[in-house]
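The values are calculated or read from the model by the stated rules, or taken from the named source; none is laboratory data. A quick note: this is a predicted structure, and the numbers were derived from the prediction, not measured. Please note: Cβ atoms are built from the backbone with ideal geometry, for glycine as well, and neighbour counts cover all protein chains shown. The accessibility values were calculated without ligands, DNA or RNA, using every heavy atom of the protein model including side chains. Shrake-Rupley method; radii C 1.70, N 1.55, O 1.52, S 1.80 Å.
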Amino acid sequence: NYVALGSSGNDGTSAGGNTIGSDDLINLEHSLDILYRRGAKLMMHDTTLRQIKTIKDKYGRPLWLPGLAVRAEDTILSYEYLINNDMDQLQTSAGSPPVTRKTVLFGQMPLFKIRRVKELSVLRLEERFADQGQVAFLGFARMDSALMDAGTNPVKYLANVF
């Protein structure tokens, strides 16, 4: 499941520890079994998407393509993407010791299942906020998740070490 970033290259396609290059995304794509690539999606934090939107291949073509002109979803390397702001962001300063962050997921996202263990319970807090004329609500839910794996890892990730 681990795909390391490439070393710095002079053509701008590879990246260092705190950035992503076009070679890194292509290596991530081809690390996934070919049977899982059709319908695969990328998932990342919004700030990671911002950085990926600036990446161009060695011919100067952007990897991110807006789908507005063709009435389709925006794509990266012809794959749709999802934004998940709970994912790791690219680290901007070096850590000591170095920190590994999983910044981009790629694969069959429907195979990742979330199970609700207990129903949502809600508390209504009237007395605590009565002085301000407010009512507060507090909700609790218990969930877990797992990747429904057929044995060949349908989801891979890109790891940044910085």
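A few remarks follow.
- Pick from the range 50-92, criterion over 22 Å from Gly107 (Cα atoms) and among the small types (Gly, Ala, Ser), ranking: least open to solvent (accessible area, probe 1.4 Å): Gly60
- Any chance Thr103 is among the hydroxyl-bearing types (Ser, Thr, Tyr), under 20 Å from Ala146 (Cα atoms) and either surrounded by fewer than 15 Cβ atoms within 10 Å (Cβ to Cβ) or in contact (Cβ under 8 Å) with a residue 24 or more places away in the chain (or both): yes
- Pair list, Cβ under 9 Å, 6 or more apart: the range 140-155 residue at pLDDT 85 or above and in a loop (DSSP other than H, G, I, E, B), other residue of a type in the set (Asp, Glu) and surrounded by 10 or more Cβ atoms within 10 Å (Cβ to Cβ): Pro154/Asp33
- Contacts under 6 angstrom Cβ, first residue in the range 42-65 being over 19 Å from Leu82 (Cβ atoms), partner among the aliphatic types (A, V, I, L, M) and open to solvent by less than 40 Å² (accessible area, probe 1.4 Å), 6 or more apart: none
- Condition met for Leu68 (in a loop (DSSP other than H, G, I, E, B) and hydrophobic (A, V, I, L, M, F, W, C)): yes
- Filtered residue count, the range 116-144, keeping only those that are within 29 Å of the chain's Cα centre (by Cα) and of a type in the set (Asp, Glu): 2
- Residue within the range 116-139 that is more than 26 Å from Asp23 (Cβ to Cβ) and among the aromatic types (Phe, Trp, Tyr) present: yes
- Of all residues in the range 107-126, one or more are of a type outside the set (A, V, I, L, M) and within 21 Å of Asp24 (Cα to Cα).
- The number of residues in the range 133-162 that are under 30 Å from Glu29 (Cα atoms), among the polar types (S, T, N, Q) and open to solvent by 60 Å² or more (accessible area, probe 1.4 Å) comes to 2.
- When the test is whether a residue is in a helix (DSSP H, G or I) and either modelled with pLDDT of 90 or more or within 15 Å of Arg101 (Cα to Cα) (or both), Leu42 does not pass it.
- Hey, Val104 farther than 30 Å from Asp33 by Cα and in a strand (DSSP E or B) or not: no
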